[in-house]
Amino acid sequence: MESKTYDAVIYLFKNDLRIDDNEALTIANKSKHVLPLYCFDPRHYSKTKFFSFPKLNGHRLKFVLECLNDVRKQFQALGSDLVVRSGKPEEVIPDLIKTLNLGPEVAVVLEKEALGDDAEIEKAIEKLSGITVLPVWGKMLYHVDDLSFEPKKMPDIFKEFHKALENTCKVRRCVERVSDMKPLPERTDPGTFPTFESFGIPVPEQDDRSKFKFVGGEMVALDHLQKFLWGTKGDKTTMDVTGTRLSPWFSMGCISPRKVYWAVKTYEKEQQSNPSTEKMMNELVWRDYFQCMALKHKEKLFSPDGTKGEKVSWKHNMEHFNVWKDGKTGVPYIDANMRELTATGFMSNKGRENVASFLTKDLELDWRLGAEWFESTLIDHEVCNNYGNWLCISGVGLDPDLGHKYNVVEEGQHHDCNGDYIRLWVPELDGIKSSKIHKVWMLEAADLKSGKVELGKTYPTPITEAPEWGK
C-alpha cells in the first residue's frame with residue numbers, strides 16, 4: 001500500500017460500516033483531510049439480475065439505516081462525520097471533488113470486493129481520470145495476501161481449503177481503532193439519510209413471534225458478540241438452535257471476522273474451547289471459502305450450470321416457486337421457514353439448507369430463483385455467501401459433498417422434534433399438538449378434525465411428495 005500523503009482522501013464505505021479493525025480507514029486517516037462517504041447507489045436498490053425481484057426490502061433498509069446512523073455517531077464523536085449522498089459513486093465522487101475544490105492530490109480508499117455490484121463500482125471508479133484508487137482487503141479472516149495459493153489453484157473442496165489455510169496461514173491481529181479523525185474538507189455538507197417513503201417501502205413491523213430483534217450498527221454487534229460468548233458461556237445448545245446470529249452485522253461489515261476470531265480465542269484461553277466455539281471458528285472459515293470461490297470462479301457463480309458447467313434442465317414453474325416463497329407448499333417445516341423469512345428477513349442456516357434443497361431437488365426449480373429470492377428478502381444477504389451456498393446445495397458447483405438431497409421431513413423432525421417452530425409460524429396447524437405435525441397430510445381424519453385442519457382448505461396438501469418422506 002502506498003505511503004504517500006494526499007491532500008484529501010475519500011473513504012468510500014460500502015459493506016464495511018465499522019470503525020474498529022478497519023485497515024482502509026486507518027490508511028485514509030494518514031491524509032490531511034478525510035471524507036467518509038456512503039452512497040445510496042441505485043444499483044443496490046433496483047432489480048435482481050435474472051428474475052427482477054426487488055433487491056431491497058423493509059427489513060434490510062431498516063438495518064442499513066441503523067448501521068449508517070451508528071457509524072455517523074461514531075464519526076461525530078471523533079470530530080468528523082459520515083457524508084451521505086444518493087447516486088452512483090463514480091458520479092458522486094467527481095462532483096464532490098469539484099464542488100469542494102479538493103485539488104489534484106486526491107485518492108479514494110475502499111474495501112475490495114470479490115464479486116457483484118460493489119466489485120463493478122471499484123472498476124468504474126478506477127476509470128476516472130486524476131483519481132488514485134487504493135483498494136484494501138478487509139472482508140476475510142485470513143488476509144488474501146497471506147494465502148499460500150493463487151486464486152485459480154484454490155481447492156473447491158472445503159475440507160481441503162480449510163486444511164490448506166490452517167497449515168500455511170495465520171490470522172493477523174486486528175488493526176488498532178482510529179481514535180482521532182483528520183478533519184473533513186472545508187464546506188462539506190454531510191447530507192441526510194433517505195427515508196422509507198423515498199424508496200417507496202413501508203416501515204417494517206416487528207413480528208412478536210421473532211425471539212431476536214436485529215438492530216444495525218457496530219456497537220450493537222460488539223455487544224452481541226460479548227453477550228453471546230460470556231452470557232451463554234458458548235453453550236452448545238444455543239449455538240445449535242440459533243447460531244451466533246452475527247450474519248446481519250457481517251453482511252454490512254459492522255464487525256470483522258478477525259474481531260470475532262480473537263474474541264473467541266480470548267474466551268477459549270480464559271475458559272476452554274468447546275464444540276460451540278469450534279463451530280464458530282469453522283463458520284468464519286466458511287465465509288473465507290465463499291469469498292475465495294468467488295475470486296476463483298467469478299461470474300460462474302451466477303451461471304445456471306454453476307462451476308461444473310454441466311447442463312441441467314432446470315424448471316421455471318412459477319406457480320411452484322410462488323407457493324415455495326409464500327410458505328404454502330404443504331410441507332410444514334418448509335412453510336414455517338419461508339414464512340419466518342417473509343416476516344423477519346431472517347432464517348436459520350439449517351432452514352436455508354432445507355428450503356434450498358426442497359426448491360432444487362424436490363421441485364427441480366432453477367437454483368437462481370431461490371438465490372435471488374434470498375437476495376431480495378434476507379437481512380444478511382452477501383453475494384458470495386448466498387450464491388456460493390445455493391451452488392453447493394443445488395449440486396451444480398463447488399464442494400460436491402454438500403450437494404446431497406435433504407430429506408426435509410426428517411430434517412424438520414430432528415431440528416423441531418415437537419413441532420413448536422411449525423406451530424409458531426404456521427398457526428393454521430396450531431391444533432395439531434403432536435410431532436405428527438411434520439406429516440400432517442398423513443394424519444387420520446379424526447386427528448385432522450380434532451386439530452381443526454382441512455387439507456386443501458385451511459392448509460394445502462403437499463405440492464410434491466418424496467418417497468423418503470413416508471419412511
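The values are calculated or read from the model by the stated rules, or taken from the named source; none is laboratory data. From a predicted model like this one, the values you see are computed outputs, not experimental measurements. A quick note on method: Cβ atoms are made from the backbone with ideal geometry, for glycine too, and the neighbour counts reach across all protein chains shown.
A few notes on this one:
- Search result, residues across segment 157-178 that are among the aliphatic types (A, V, I, L, M), over 30 Å from I97 (Cα atoms) and at pLDDT 95 or above: V171
- Residue satisfying all of: in segment 421-434; within 32 Å of the chain's Cα centre (by Cα) and surrounded by fewer than 19 Cβ atoms within 10 Å (Cβ to Cβ); nearest to L455 (Cα to Cα) among these: E428
- Selected residue [modelled with pLDDT under 95, buried (at least 19 other Cβ atoms within 10 Å of the Cβ) and either hydroxyl-bearing (S, T, Y) or not assigned by TED's automatic domain parsing to the domain that holds H415 (or both)] from M239, M181: M239
- Conditions (1) over 18 Å from the mean Cα position of the chain (by Cα); (2) part of a loop (DSSP other than H, G, I, E, B); (3) not small (G, A, S); number of the one not met by V34: (2)
- Look at (1) assigned to a helix (DSSP H, G or I); (2) over 24 Å from M219 (Cβ atoms) and you find that W249 fails only one, number (2).
- Any hit, segment 330-348, residues being over 19 Å from the mean Cα position of the chain (by Cα), of a type in the set (K, R), crowded, with 17+ Cβ neighbours inside 10 Å and part of a helix (DSSP H, G or I): no
- Segment 194-212, residues that are within 27 Å of A336 (Cβ to Cβ) and either of a type in the set (S, T, Y) or in the same structural domain as D20 (by TED's automatic domain parsing) (or both): S210
- Some residue of segment 91-106 being within 23 Å of the chain's Cα centre (by Cα) and under 22 Å from T26 (Cβ atoms): no
- When residues of segment 57-74 are limited to those that are part of a helix (DSSP H, G or I) and polar (S, T, N, Q), the one nearest to the chain's Cα centre (by Cα): N69
- Taken over segment 405-461, the residue count meeting the criterion of being closer than 28 Å to C392 by Cα, out of contact with any Phe, Trp or Tyr (no Cβ under 7 Å at 6 or more places or on another chain), part of a loop (DSSP other than H, G, I, E, B) and charged (D, E, K, R) is 1.
Here's the yes/no breakdown for (1) in contact with a strand residue (DSSP E or B) (Cβ under 6 Å, 6 or more places away or on another chain); (2) small (G, A, S); (3) surrounded by fewer than 19 Cβ atoms within 10 Å (Cβ to Cβ); (4) farther than 30 Å from D70 by Cα:
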| site | (1), (2), (3), (4) |
| --- | --- |
| Y267 | no, no, no, no |
| N282 | no, no, yes, no |
| W286 | no, no, yes, no |
| K298 | no, no, yes, yes |
| S303 | no, yes, yes, yes |
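- Only listed residue being of a type in the set (K, R) and within 26 Å of V215 (Cβ to Cβ), chosen from K4, K47, K62: K62
- Qualifying residues in segment 197-209 (those that are under 19 Å from G87 (Cβ atoms) and in contact with a Leu (Cβ under 8 Å, 6 or more places away or on another chain)) - the one surrounded by the most Cβ atoms within 10 Å (Cβ to Cβ): I201
- Taking the listed residues K32, K62, K73, K55, the one that is touching a residue at least 60 places away in the same chain (Cβ under 8 Å), farther than 30 Å from P304 by Cα and in contact with a helix residue (DSSP H, G or I) (Cβ under 9 Å, 6 or more places away or on another chain) is K62, with no other qualifying.
- Some residue of segment 209-223 being assigned to a loop (DSSP other than H, G, I, E, B), more than 30 Å from R423 (Cα to Cα) and over 25 Å from the mean Cα position of the chain (by Cα): no
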